[in-house]
1. So which pairs qualify, if the first residue must be in the range 175-190 and surrounded by fewer than 16 Cβ atoms within 10 Å (Cβ to Cβ), the second must be β-branched (Val, Ile, Thr), the Cβ gap must be under 8 Å, and the two must be at least 6 apart or on different chains?
2. From the list Gln161, Gln139, pick out the single residue that is in contact with a Pro (Cβ under 9 Å, 6 or more places away or on another chain), under 23 Å from Phe77 (Cα atoms) and in contact (Cβ under 8 Å) with a residue 24 or more places away in the chain.
3. Out of the range 29-54, which residues are surrounded by 17 or more Cβ atoms within 10 Å (Cβ to Cβ), charged (D, E, K, R) and either touching a Gly at 6+ places or on another chain (Cβ under 7 Å) or over 19 Å from Glu104 (Cα atoms) (or both)?
4. Of all the residues that make up the range 162-206, how many are among the polar types (S, T, N, Q) and touching a helix residue (DSSP H, G or I) at 6+ places or on another chain (Cβ under 7 Å)?
5. If you check Leu101, Leu143, Leu117, which single one turns out to be in a loop (DSSP other than H, G, I, E, B) and under 28 Å from Ile52 (Cα atoms)?
6. Output the number of residues of the range 26-45 satisfying the condition of being in contact (Cβ under 8 Å) with a residue 24 or more places away in the chain and part of a helix (DSSP H, G or I).
7. Just give me the residues in the range 14-28 being crowded, with 18+ Cβ neighbours inside 10 Å and either of a type in the set (Asp, Glu) or in contact with a helix residue (DSSP H, G or I) (Cβ under 7 Å, 6 or more places away or on another chain) (or both), in sequence order.
8. Condition first: in contact (Cβ under 8 Å) with a residue 12 or more places away in the chain and loosely packed, with under 15 Cβ neighbours inside 10 Å. Now tell me which residues in the range 148-158 satisfy that.
Amino acid sequence: MNRSFKIGLTGGIASGKTTVANLFSDLGIEIIDADEIAHSITSKQGSAYDKIVKHFGEDLLGHDNELDRKKLRTIIFNNSELKKDLEQIIHPEIHSIINQLTLESQESYQIIVIPLLIETDYQDFFDRILIIDCSLETQLERLMDRDDETIENARKIVANQIGRGKRLKFADDIIKNEKKTSIETLKEKVLQLHENYIELAEKVQFQD
């Protein structure tokens, strides 16, 4: 039975994960995005919605009875225990959905984008881990430009994630994406990895 070769794509906030994933998508590669799954299961019709409302209370709901995601982010950002509670609700469901999608895939390889791949100890699920890396300076600048964050909040957001050095220890492949990195440079690197992943996937299929 053929199986899809699984590439876990991760990186710090504002490192450029979506940009790189889109470049793989342009090459026809199937992308699974954990953030999109999380948004789906926490919507009003989602499987995690009732559990979250029960745990965090109805004050978290907006006028349309959807979760007020900004309010939820503020709550978990300032309370590590509540952050763990939320993760225990949604991460098992996200992982279950990802597992099912990979089993159903007919592609030679897939890119699975998971911002908290290392933090949730999910690395053993993947055949290879691709980390999008950039300096703290670049992260802070992008957060301030993209999300209109203050420098103080931007620093807190970055500090709330696993350290850059620890994350890089799990990398099989690394794409550097600094503020001066051109899209052409990223495309070249993605194409190189794409060709390598196809070759690796073929070897796995042959062994299976």
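1. Note: pairs meeting the criteria are Glu178/Thr138; Lys179/Thr138; Ile183/Thr19.
2. One residue alone meets the criteria, Gln161.
3. The answer is Lys51, and nothing else.
4. Total satisfying the criteria: 1.
5. Leu117
6. 5
7. Ala14, Ser15, Val20, Leu23, Phe24 - these are the residues of the range 14-28 that are crowded, with 18+ Cβ neighbours inside 10 Å and either of a type in the set (Asp, Glu) or in contact with a helix residue (DSSP H, G or I) (Cβ under 7 Å, 6 or more places away or on another chain) (or both).
8. Across the range 148-158, the qualifying residue is only Lys156.
The values are calculated or read from the model by the stated rules, or taken from the named source; none is laboratory data. Since this is a predicted model, take the numbers as computed values, not measurements. Every residue, glycine among them, receives a Cβ derived from its backbone with ideal geometry; neighbour counts consider all protein chains shown.
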